[in-house]
C-alpha cells in the first residue's frame with residue numbers, strides 16, 4: 001500500500017513532498033482535493049488525529065482572502081471543518097495518509113514513518 005498524498009498540484013510544498021517521496025522509492029498516490037473534492041469523513045479523521053489548529057492554514061493566501069467575519073468564526077473543530085470543506089486551500093499541505101494509518105501534514109521527512 002502506498003502513501004496517499006492530499007493537496008493541490010501547484011503547491012510548492014506538495015511538489016517538494018512528492019519529489020522527496022519519489023526520490024526515496026515511495027510511489028505515492030496523489031489526490032488533488034481541489035479538483036477531486038474532499039470528503040467530510042476524511043476531514044473528520046484528519047481533524048481527530050491532527051487537531052484543527054494544526055490542519056488549518058491561517059498563513060496562506062486563501063485564508064487571508066476570506067472575510068474577516070468568516071475568519072473570526074473559526075473557533076472549534078466544527079467551524080474549522082466548515083471553512084476547510086468550503087475552501088480546501090485553507091488546509092495545510094500536503095496531508096499524507098501513510099499505510100500504517102498515521103497522518104502527517106506539511107513537508108517533514110524527519111517525522112514521516114518511512
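Just so it is clear, none of the values below were taken in a lab; they were calculated from the coordinates. In this text, all values refer to a predicted model and were calculated from it rather than measured experimentally. Here the Cβ positions follow ideal geometry from the backbone for every residue, glycine too, while neighbour counts run over all protein chains shown.
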Here D for the chain, in µm²/s, from Stokes-Einstein with a Kirkwood Rh over Cα pairs at 4 °C and 1.567 mPa s, works out to 90
Ranked on Cβ counts within 10 Å of their own Cβ, fewest leading, 16, 81 go 16, 81
Between the Cα axis of helix 12-23 and the main Cα principal axis of the chain, the angle (0 to 90°, nearest 10) is 20
Taking 24, 31, 6 and counting other beta carbon atoms within 10 angstrom, the fewest-first order is 24, 31, 6
If one compares the long axis through the Cα atoms of helix 77-86 with the longest principal axis of the Cα atoms of the chain, the angle in degrees, nearest 10, works out at 80
Assertion target for 90, 11, ordered by fewest C-beta neighbours within 10 angstrom first, is 11, 90
